[in-house]
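Below is one structure, written out as C-alpha cells; comments come after it.
No lab work stands behind these numbers, since they all come straight from the coordinates. All figures in this text were calculated on a predicted structure; none of them were measured in a lab. Cβ placement follows ideal geometry from the backbone for every residue including glycine, while neighbour counts extend to all protein chains displayed.
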Amino acid sequence: MALEPYLRARRTRKDLLLMTHVVCGYPSFEDNWRALEVMAEFDVDLVELQFPFSEPSADGPLFARANQRAIELGVHTRDCFAFMARAAARFPFKLLMMGYYNTVFKMGEAVFIEQLAAAGGAGFIVPDLPVEEAGELHRLAAAKDLDPVILMTPTNTDARLARLGQAARGFVYAVARKGVTGTKTAMDEGLVGFIERCRRATDLPLGIGFGVSSRDDIDFLRGRADIAIIGTAALSAWEHGGAPAMQEFFAELLGRTQARGA
Amino acid sequence: MSAPCVTAIPSMSLFDFAAGREGYYGAYGGCFLPEILTSTITELRDCFRACKADPAFWDEFVEVMRTYSGRPTPVTFLENLSNQLGGARIYVKREDLSHTGSHKINNVMGQGLVCKRLGKTRVIAETGAGQHGFATATMAARFGFKCKIYMGAVDVARQRPNVFWMENLGAEVMAVQDGQRTLKDAINECLRDWVTNMGDTHYVLGTACGPHPFPEMVSYFQSIIGIEARAQILAEAGKLPDRVYACVGGGSNAMGIFQGFLDDAGVELVGCEAGGFGPGPGGHASRLAYKDASLGVAQGYKTYFLQNDDGNMLETHSIAAGLDYIGVNPILVHLWDQGRVRFEAATDTEVRDALRLVMRTEGLIPALESTHAFVRAIAEAPAMGRDEVILINQSGRGDKDIFTVADAIDDQAWKAFIRAKAVDYGA
C-alpha cells in the first residue's frame with residue numbers, strides 16, 4: 001500500500017501516529033534491530049532509517065556523532081539497504097530512507113530509486129535537496145510508487161509552502177522550529193499557527209518533528225497533527241540504557257504503564 | 001605610480017545565468033540547503049543583487065578597502081629570484097600587505113557592507129588557517145557586529161596566534177570537535193548556527209564555495225585583486241603576464257586574481273592545490289590536479305569533492321590549514337572543464353623548500369597557502385623565456401605560520417625559546 005492510504009488507514013484507529021528514527025549501524029545493526037523491535041511493541045507507524053553521511057549539517061550533536069561513528073564503524077550504503085530489506089520483511093511499520101542528497105547523487109538517482117524499491121522502502125526524506133533540484137528524482141520515485149517526503153518550515157512564506165505542497169507525496173514533514181534536530185521545541189500558539197499554514201498548503205497527513213520529546217508534546221499534538229516525529233529523544237534514551245530505557249521512554253511518552261503488542 | 005582604476009567590474013558572462021540555472025557554472029554550483037534556510041538565502045541573494053546593481057555600493061567598497069585595508073596592494077618584481085631561476089620575470093601581487101595579512105579581508109569587508117544592508121547585527125564564520133576568522137573578527141569590531149568564529153579543534157591547535165587575535169578583537173572562538181575537526185567541520189557548525197539564528201545573523205562564508213550566491217558574491221569582492229593586478233602588471237612589466245599562479249583551497253584568492261585576466265586569452269591561469277604527501281586518497285587536498293576527487297553535492301553546492309564511493313568525505317591533508325578542504329570553487333571547476341584554468345599540485349616538501357628560497361632571495365614570507373603558488377611558478381619559470389612574465393598571487397603573509405614553519409625546518413633556537421616561555425608561564 002502506498003504511504004498516504006496506509007497512513008489514513010492507520011489514522012482511522014489512532015488519533016496520533018508515530019514516526020521514529022534510527023541511524024543505520026549506530027551503535028550497531030544489532031542495536032538497530034532491537035530498537036525496531038521496541039518500536040514495533042509500541043505500535044510505531046513509520047521509521048526513518050538514516051543512511052550515515054560525513055557532513056550531516058542539518059543534524060544536531062547527537063545525530064551528527066551517530067553519523068560519524070557509524071561511518072567509522074564501516075557502515076556502507078549497501079549495508080543500509082540490506083538492513084532495510086530485512087526490516088521491511090519483519091516489521092509491520094513502513095520504512096523511509098532518510099539521508100543527505102550526496103548519498104543519492106553518488107550512487108545515481110535511478111540506482112537509488114531501484115534499490116530503495118527493492119529494499120521495500122516506502123519513500124525518502126532528503127532534507128538538503130530543494131524541490132527545484134528534485135524534479136528528476138521525484139519522477140523516478142513516482143514510477144516506482146515511492147514517496148518523496150517534503151519538509152515545510154516556519155520560515156517559509158505561504159507561497160513557498162504552496163509550492164512545497166505541490167511537490168509533496170505521502171505526508172508532509174513540518175519542522176516545528178528553526179535549528180537542528182535534538183533541541184527542545186516550545187509547543188505554543190506559534191506552532192499552532194504554523195500548523196494551520198501547513199494545512200492550507202497541503203491536504204496530505206501532517207507530521208510534526210524537531211524537538212518532540214515528551215508526553216506533554218504528544219498531548220499537544222494530538223488533534224492538531226497526524227504524526228508525531230520522534231528522533232533524538234529516542235536515541236538519547238537508547239544511549240542511556242538500551243532497550244529497557246527506550247521502552248521506558250516510549251511508555252512515558254505515550255502514557256502507558258506497560259508496553260502493548262503491535 | 002598612481003593607484004589603478006578599480007571602478008569597473010570586468011564584463012563577465014560567467015554570472016549571466018540562463019533561466020532556471022541561476023547559481024550554476026556549467027554543471028557546478030547551485031544551492032542545496034535545508035528548507036528552513038530558503039527565505040534567508042533568498043533574502044541574501046536579493047540583497048546582493050541590489051548591491052551589485054548599485055554602482056555606489058562598489059565605490060563604497062573600494063573606498064573602505066583604500067582607507068581601512070591599505071588598497072591597492074602593490075605588485076613587486078622579484079628580480080633576485082627571476083635572475084637566479086634564469087627564465088621568466090616573476091612578479092608578485094602583494095595581498096599579504098592587506099590589513100590582517102591576507103586577501104580574506106576583501107571578502108569580509110564586502111560582506112560586512114552587505115550585512116549592514118540586511119540589517120543584521122551578528123556574524124558567524126568558519127575558519128581553517130584562521131585568516132578568515134581573524135578578518136571577520138576585525139570587520140565585526142569595526143562595524144559593531146557580534147561575532148562567533150567556528151574553527152576545527154585541529155586548526156585551533158595549529159593556528160593559535162590567529163585564535164589569540166580573534167579573541168582579543170572581541171570574537172567568541174568555538175573549537176569544533178566533530179568530524180575531522182578541520183575546515184569542513186567548521187562549515188557544518190556554521191550551517192547549524194545559521195539554521196537556528198538566521199533572524200539576526202549573517203553567515204560570512206570565507207571562500208568562494210557553498211550555496212549560491214556565495215561563490216558569486218565572494219568572487220565579486222575578491223575581483224578587486226585582479227582588477228588592480230591587471231593595470232599594475234601592465235604598468236610594471238609593460239605587458240600582460242603569460243601565466244598567473246594562485247593557490248586554491250576553496251578558491252577565493254584564485255578567483256580574485258583570475259577574474260582580472262579571464263578575457264585575455266593569451267594569459268594562462270594556473271591553480272595550485274595542496275599536494276600534501278602526494279597522490280592517493282587521504283594524503284592531500286587536490287581535487288582537480290590529482291585524480292582522487294569526484295562530483296558530489298555537499299555543504300550546499302555541487303562540485304568535485306574528495307569522497308569515497310558512498311559519498312562520504314575522505315580525510316584531507318595539507319601543511320597549509322587554509323588549503324585543507326574537501327571541495328573547490330564551482331566556477332574554477334567550470335573554467336578547468338573548458339581548459340581555461342590549468343590545475344597543478346604542490347607537495348608539503350616542495351612548499352617548505354620554496355618558502356626557504358623565497359625568504360632568502362627576496363625577503364618575502366608568503367603564507368604556507370600562498371607558497372603553493374610559488375612552488376609551481378618556480379618549477380616552471382626556468383623553461384620560460386626572459387621576455388615572458390609570471391604573476392603570482394601572494395594571498396597572505398606567513399608570519400602566522402611561525403609555529404608550523406619552525407616545526408617544519410626544525411628550528412632549534414625557536415624551540416628553546418618556546419621551552420623558556422613555557423617555564424616562564426609555568427612559574
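Using C-alpha pairs below 8 Å separated by at least 6 residues, the relative contact order for region B:43-117 is 29 percent.
Would you mind telling me the antiparallel percentage of the DSSP bridges in the protein assembly as shown, rounded to 5? Within the protein assembly as shown, antiparallel bridges account for around 20 percent of the total.
The ranking of A:S213, B:S286 by Cβ neighbour count inside 10 Å, starting from the fewest, reads A:S213, B:S286. Each of B:R342, A:R78 was scored by other Cβ atoms within 10 Å of its Cβ. Arranged with the fewest first, they read A:R78, B:R342. With both labels modelled 7 Å from their Cα along Cα-to-Cβ, the B:D353 to A:A117 distance reads 5.7 nm.
Secondary structure note: in chain A, about 0% of the DSSP beta bridges are antiparallel. The Rg/Rh ratio of the protein assembly as shown, with both radii computed over alpha carbons and Rh defined as the Kirkwood radius, is 1.01.
Inter-chain neighbour count for B:295-308: the average number of beta-carbon atoms from partner chains within 10 Å of each residue's beta-carbon is 4. Rounded, prolate or oblate for region A:3-251? Axes are the square roots of the Cα gyration tensor eigenvalues, ordered a ≥ b ≥ c, and the cut-off for rounded is a/c under 1.5. Rounded, since a/c falls under 1.5.
Full extension of the chain segment joining B:D16 with B:A157 gains 46.5 nm, where the gain is 0.36 nm per residue of separation less the Cα-Cα distance. Across the cross-link table entries B:K184/B:K415; B:K148/B:K302; B:K52/B:K239; B:K116/B:K148; A:K184/B:K120, which are compared at the Cα atoms, the separations over 22 Å belong to B:K184/B:K415; B:K148/B:K302; B:K52/B:K239; A:K184/B:K120. Taking the centroid of alpha carbons for each part, region B:30-94 and region A:226-240 are 46 Å apart. Remark: spin-label model distance B:Q412-B:Q84 equals 2.4 nm, labels positioned 7 Å along the Cα→Cβ axis.
So what is the calculated 222 nm ellipticity per residue for chain B, using -39500 (n - 2.57) for each DSSP H run with n of 4 or more, over all residues, to the nearest 500 deg cm²/dmol? Per the formula, -13500 deg cm²/dmol. Starting from the Cα of A:K14, draw a straight line to each of the lysines and keep only those under 19 Å, dropping any in the same chain fewer than 8 residues away. The reachable lysines, counting only those whose Cα sits under 19 Å from A:K14, are A:K94.
Can you tell me the relative contact order of region A:31-160? Whole percent, Cα pairs under 8 Å, sequence separation 6 or more. Intermediate values should be presented prior to the final figure.
On the way: 150 pairs, mean separation 31.5, N = 130.
Result for region A:31-160 is 24 percent.
The relative contact order of region A:3-251, computed from alpha carbon pairs under 8 Å that lie at least 6 residues apart in sequence, is 21 percent. The spacing between region B:161-214 and region B:237-280, judged by their C-alpha centroids, is 26 Å. Shown is the FRET efficiency for A:A85 and A:R8, computed with R0 = 22 Å from the Cβ-Cβ distance and rounded to the nearest 0.05: 0.30. By other beta-carbon atoms within 10 Å, ranking B:I105, A:I113 with the fewest at the front produces A:I113, B:I105. Between rounded, prolate and oblate, where does chain B land on the alpha carbon gyration tensor, with a ≥ b ≥ c its root eigenvalues, rounded for a/c under 1.5, else prolate if a/b exceeds b/c? Rounded, since a/c falls under 1.5. Taken along the Cα-to-beta-carbon direction at a fixed 7 Å, the label points for A:E196 and B:Y68 span 4.4 nm. Within a straight-line Cα-Cα reach of under 18 Å, A:K144 can be paired with the following aspartates and glutamates, leaving aside sequence neighbours fewer than 8 residues apart in one chain: A:E4, A:E109, A:E114, A:E136.
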